[in-house]
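**Student:** Before anything else, here's the structure in question.
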C-alpha cells in the first residue's frame, strides 16, 4: 500500500492532488461504494452500470470466487458454496447464528467465530466479507482511475450502530484483508444522518430508523450548527429483512405441508419468498410458485394482509429498542423533529405505518434508503482523507452502543464504560492482588447490558504478567480501557506503586489476532462437523436440569412464601419436566421448562420482593 | 489545552456548582472541533494517539460538568472531600422511610404494568431531585462540604431509584 501523504489538518490540498477515499456500505443483502467527486457524493457503478452489488460470494473448487450478481444467479444451484448474508456471521459464534436449521451451509464451530466449509476450503466470515470488499475496491478503482494505476487513500466502512466490539473488529479485519486502509468504521444510521442532515440543513432532534437486511438500528441524534451528536443508539443485531423472508418461507412450507427440504430447495424457496415480499410492497397479493428438486410443485398465494399479519411481531420487535433509545437520550416522542428511514426493509408499508404511529408523524423518505448510508460514508471518507473544504467544518460525535464491563466474583459483571458514552472514551479501574507474591492476574472483558457474565458477550481475556511481588492487596494495578472513535477497545495496565508497566496478553474470545489474519488464506482448519440438532438437545437438557435445581432450592429456602396448593402445582410441573429430560426432542423439554417458568412466576416475584426488602431493611437499621 | 488542568479549567468556567449549560455545550463543540480523532485520520500515529487522549479528556470533562450530580461530586473531590458513597450509608430516617414507601409503589406499579403510576413516580422523583440540587448548591457555595457530601449521598440514592424506574419500564416493554 502506498504511504499516506500528510498535510496539516484543516488544510485541503490543491484539487489535482486530492486524495480519493471511498465510503463503503457493507450490507447484509447488498453492498455499495461511493465517493465524493467535485464536491458531490455519488455511488460508483460497476462496468455493468450497477451500483448495488449483491453481498453474495460463490467459491469454486479451484479457489476462484464469483461475487455479486454472478454468484446470485447460481445460488439455488450451489447453495453450500454460495454464501449469502455473511454479515450475520461476523464476529459470531455458532450458538449466536439464527435459523441454523434452514441454512444450507456446512458450519464449522471454531473458537472465535463460526466458519463455513466450502469446496475451496474452510472460510471465515471475515474472508468472505473481504471478497465483497475486494470487488467494491476494484469497482471503485476502475471507476476513479480508469486504466491509469491508482490507489485509494482509504475507506470508511459502515457497520450497524448496534454491532459490538467483536463484530466491528471483524469488519475492520475484512477491510485490511481486502487491502483497504480503513480510515474509520462509521455507524450506518450516523452515516445516513450526515447525508440527510447536510442535504437538508436539518437542525434539531432526529431519529434514524434503519432496518436493513439483517440488522436493526435506531439512533437519536441532535443536529445543531454543523454538529452531529448521537445521543443514544439501540437496536437488534439479528433482526432484518431476512427475517421477514424467513417468516414467509416458513408459512409457505407449512401451507404446502412440505417434507424437510434439501439445501437447494430451501434456498430456492427463500429467494422466492424474498421476491414475493418485495412485490407485496406495492401489490395486494402475490403468487409463489416453484418446482422442487423432486419434481413436486409448490403453488401458494399470499395477500399483503396475510404477510403483514405473520410478520407483525417482527415489526413490533423494532419498537422496544426505539423506546429504549429515547429513554436513554432522555427525550420524549414529541421532541423528535423528524424520522429518517434507512434500509431496504423500511419500504414495507406496515413498517412505515408502525413507525408513523409510534412517532406520531410521517417518516422522511426523501432519500434512497439503499444508498443513503454509502453516500454519508463517502462524505466522511472525503473529509477524513484531508479534503476538508469550506462547508465541511462539521463535527461528528458518536457513542458506544453497548456497555463494557469486567467479570467480578460470582460471574457478575461490573460496568466499566456505560452504553451511549460519547467516543472516544476511557475509564481506569484499580485492581489488587489476592495472594502474597502474586505476579499475574487475568481480567475478563465482556460487552452487554445484562448482570451475568454468561448473558453478555465475552470480548477478551487479558492476562497481566510482571506484577512486582508484594503482600496481598498491596499492589495497585491500574487498568485502562480505551475505546477509540471506531468503537474498538484497547486495554493497557500499569502497577501504580512501582510504575511497572504490566505486560498484557490478549486472547480475544471472538475476532482474530493479527497472526490469524496472516495465516487465514494459507490454512484451512479441519474441524469435525458439529451436529447442530444434538447440540440444541444437549442445551435444553442442561437448561432443564438447572431449572429443576433452582426451583427446588427456592422452595426449600422460602417455603413460607408458597401455599400448599401452589406448591403442589409447581411440583407437578417439576415432575413433568424431569420426565422429559430423557427424551430426544428438544422442543418437548423447552415447553416443559416454559410451563415451570409460568407456574413459578408469582412465587419468584414474592422472593424478589423479600430480597429487596431485606436489602433496604439492612440500610435502615444501620442508619437508626 | 493541557492534560493537567481540571475539568473547569479545560472549559474555562469558574469552579462552582452554578453553570451555564448552553455555554458549556458550545465550548464542548469548539474543543472537539479542535481535538477530535476525525481531524487527524490522515495524520501520523503519534498525533492520532494524542488526539484520542485529548478528545477522551474533553468528553470526560464535559460529561462530568454537564451532570449536576457528577459536577457536585467533582467539586467535592477538588476540595479533598470524599463523599463516601460505599462506606457511609447514614441517611435521615425520614428520607429512608420515604424511599421505602416509593420503592414499594414502584414494585406495585411494575407488577401491575401500570405506566401511569410509573410516570407519576418519575415526575415526583424529578421534583425531589431539583430540591436537593438547590440545597446542594447552597451548601457548596457556603461552603459546607460535609453537609454537601450528605446531600450528594441522598442524590446518589435517588439516581439509583431513577435507574430502577427505567429498568421497570424496560421490563414492561419486553
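**Student:** Can you list the residues of segment B:53-68 with backbone N under 15 Å from a point 7 Å past the Cα of residue A:478, pointing along Cα to Cβ?
**Tutor:** From segment B:53-68, the list is B:57.
**Student:** Then there's this: Can you give me the C-alpha center-to-center distance between segment B:103-174 and segment A:68-128, rounded to a whole angstrom?
**Tutor:** Cα centroid of segment B:103-174 versus Cα centroid of segment A:68-128: 49 Å apart.
**Student:** Could you tell me the ratio Rg/Rh of segment A:352-403? Both radii from Cα atoms, Rh via Kirkwood.
**Tutor:** My calculation of the ratio gives 1.11.
**Student:** Any idea what Rg and Dmax come out to for segment A:334-472 if you just take the C-alpha atoms, in Å?
**Tutor:** Spelled out, the Cα radius of gyration and Dmax of segment A:334-472 are 22.8, 67 Å.
**Student:** With the crude spin-label approximation of a point 7 Å out along Cα→Cβ, what separation in nm comes out for residue A:393 versus residue A:545?
**Tutor:** 6.7 nm
**Student:** Something else about it: Go ahead and estimate [θ] at 222 nm for chain B from helices alone: -39,500 (n - 2.57) per DSSP H run with n ≥ 4, summed, over the residue count, rounded to 500.
**Tutor:** -25000 deg cm²/dmol
**Student:** Projected area of segment A:99-216, taken from the Cα convex hull and averaged over every viewing direction, in nm²? Mind dumping the intermediate values first?
**Tutor:** On the way: hull surface 41.0 nm².
If you wrap the Cα atoms of segment A:99-216 in a convex hull and average its projections, you get 10.2 nm².
**Student:** Report the calculated FRET efficiency for residue A:262 and residue A:361 (r = Cβ-Cβ distance, R0 = 56 Å), to the nearest 0.05. Mind dumping the intermediate values first?
**Tutor:** Numbers: r = 47 Å, r/R0 = 0.84.
E between residue A:262 and residue A:361, to the nearest 0.05, is 0.75.
**Student:** Follow-up question, since we're still on this one. With just the Cα atoms defining each centre, how far is segment B:59-86 from segment A:235-260? Give it in Å.
**Tutor:** Using only Cα atoms, the two centres lie 51 Å from each other.
**Student:** With all pairs of different alpha carbon atoms counted, what Kirkwood hydrodynamic radius in Å does segment B:93-173 show?
**Tutor:** 13.5 Å
**Student:** Here's something else I'd like to know. Simple spin-label model, 7 Å along Cα-to-Cβ: residue B:45 to residue A:463 in nm?
**Tutor:** 2.5 nm
**Student:** While we're looking at this one, here's another question. How big is the C-alpha Rg of segment A:381-444 next to the rule-of-thumb value 2.2 N^0.38 Å, as a ratio?
**Tutor:** Numbers: Rg = 19.4 Å, N = 64, 2.2 N^0.38 = 10.7 Å.
Dividing the Cα radius of gyration by 2.2 N^0.38 Å gives 1.81.
**Student:** Please find the FRET efficiency linking residue B:81 to residue A:452, where r is the Cβ-Cβ separation and R0 is fixed at 41 Å, and quote it to the nearest 0.05.
**Tutor:** Working: r = 36 Å, r/R0 = 0.87.
E between residue B:81 and residue A:452, to the nearest 0.05, is 0.70.
**Student:** Calculate log10 I(q)/I(0) of segment B:7-66 for q = 0.14, 0.19, 0.25, 0.27 Å⁻¹, where I(q) comes from the Debye formula with a single equal point scatterer on each Cα and nothing for solvent.
**Tutor:** Reported log10 I(q)/I(0), two decimals: -0.40, -0.66, -0.95, -1.06.
**Student:** Run lengths n ≥ 4 of DSSP H only: what is the helix-derived mean residue ellipticity at 222 nm for chain A, with -39500 (n - 2.57) per run over all residues, to the nearest 500?
**Tutor:** After summing the helix terms and dividing by residue count, I get -12000 deg cm²/dmol.
**Student:** Over all alpha-carbon pairs in chain B, figure out the percentage whose distance exceeds 27 Å.
**Tutor:** Of all Cα-Cα distances in chain B, 43 percent exceed 27 Å.
**Student:** Also: From the Cα gyration tensor of segment A:156-206, with a ≥ b ≥ c the square roots of its eigenvalues, which class applies: rounded if a/c is under 1.5, or else prolate if a/b is larger than b/c, or else oblate?
**Tutor:** Since a/c reaches 1.5 but b/c is at least a/b, the shape of segment A:156-206 is classed as oblate.
**Student:** Provide the FRET efficiency to the nearest 0.05 for the residue A:306-residue A:571 pair, computing r from the beta carbons and using R0 = 56 Å. Can you show the working numbers first?
**Tutor:** On the way: r = 43 Å, r/R0 = 0.77.
Computed FRET efficiency for residue A:306 and residue A:571 comes out at 0.85.
**Student:** Just from the alpha-carbon atoms, what are the Rg and Dmax of segment A:208-255 in angstroms?
**Tutor:** Here Rg and the maximum Cα pair distance are 16.0, 55 Å.
**Student:** If I model a spin label at residue B:142 and residue A:73 as a point 7 Å from the Cα along the Cα→Cβ vector, what separation in nanometres do I get?
**Tutor:** 8.3 nm
**Student:** Hey, could you grab the Kirkwood Rh for the protein assembly as shown? Inverse mean 1/r over distinct alpha carbon pairs, Å, one decimal. Don't skip to the end; give the middle numbers.
**Tutor:** Numbers: mean 1/r = 0.0344 Å⁻¹.
About 29.0 Å, per the Kirkwood formula over Cα pairs.
Rule-based calculations on the coordinates, nothing more; no lab input. As the structure is a prediction and not an experimental result, all values here were calculated from the model. Glycine gets a Cβ as well: all are built from the backbone with ideal geometry, and neighbour counts include every protein chain shown.
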